[in-house]
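Written below as structure tokens is the structure these notes are about.
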Amino acid sequence: MFPLYDINRPRRRAVWVPVLVVANLAAFVWEWVLNEPAAVIYAYGFVPAQFFADPLAEWPTLFTSMFLHGGIAHLVGNMWFLWVFGDNVEDRLGHGRFLLFYLLGGAGAALAQGLVSFGSDGPMIGASGAISAVLGAYIVLYPRALIVSLLGFFPIPIPALIYLGLWFLLQFYQSFSGVPGVAFWAHIGGFVVGMVLVRVMAPAWQRR
């Protein structure tokens, strides 16, 4: 069920969502065109074993890792989900709170994956943890919003509660199914962190 767009018009135009998309695109060019990707990934990716061995030295990778991607498909998929779901969350939180929310959500997602793969020396990269936090916030704020999704060849409107609920369950299933190379616990952790953070960070009248 690939999301095409949501039927949920924000009151004000997003500022940080397009900035984050451009920042990720620029980081991708820097990573893949101007440098050796493997060297960049190992220098700025989040490596659980290194982080827990020396958190004071490695904490910047909690944030730098969320702007790196493993390929075009990885980048485009993440940026599309951010574009579809991020504007409404930014609208409800406000611009400044949204940026803080995004960064904290991504860091929390990385830590969740790190705790599951405590001794791993493989680098974790990608914005999907931070975007999972955005999805967690969305399901809290807009459970009845319709997500127009491509089901086969047909666009079908699906309530966010169902769409994102199924997405979350799929992350659990795939985390135990042996799919290699994907940090599913960053998705799961980011989603949960987002659900909690949005309740703390959204002003009371907006939560209502």
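The values are calculated or read from the model by the stated rules, or taken from the named source; none is laboratory data. Note that this is a predicted model, so its numbers are computed, not measured. When we count neighbours, we look across all protein chains shown, and the Cβ atoms used for this are built from the backbone with ideal geometry, even at glycine. Just the protein is used for accessible areas: all its heavy atoms, side chains included, with ligands, DNA and RNA removed. Shrake-Rupley method; radii C 1.70, N 1.55, O 1.52, S 1.80 Å.
A few remarks follow.
- Apportionment of accessible area to carbon and sulfur, segment 1-146, percent (1.4 Å): 68 percent
- Residue-normalised accessible area of segment 10-122, expressed per residue, 1.4 Å probe, Å²: 48 Å²
- Candidate membrane-span-like segments in the chain, meaning DSSP H helices with Cα atoms spread over at least 27 Å of their own axis and a Kyte-Doolittle mean of 0.0 or above, are 72-93, 95-116, with no membrane implied.
- Loop-located trypsin sites (Lys or Arg not before Pro) in segment 67-172, at most 16 other Cβ atoms within 10 Å (DSSP): Arg144
- A run of the chain free of exposed loop cleavage sites, with chymotrypsin sites (Phe, Trp or Tyr not before Pro) counted only in DSSP states other than H, G, I, E and B and at most 15 other beta carbons within 10 Å, reaches its longest extent at 1-117.
- Leu170-Phe118 FRET efficiency (beta carbon distance; Förster radius 22 Å; 0.05 resolution): 0.35
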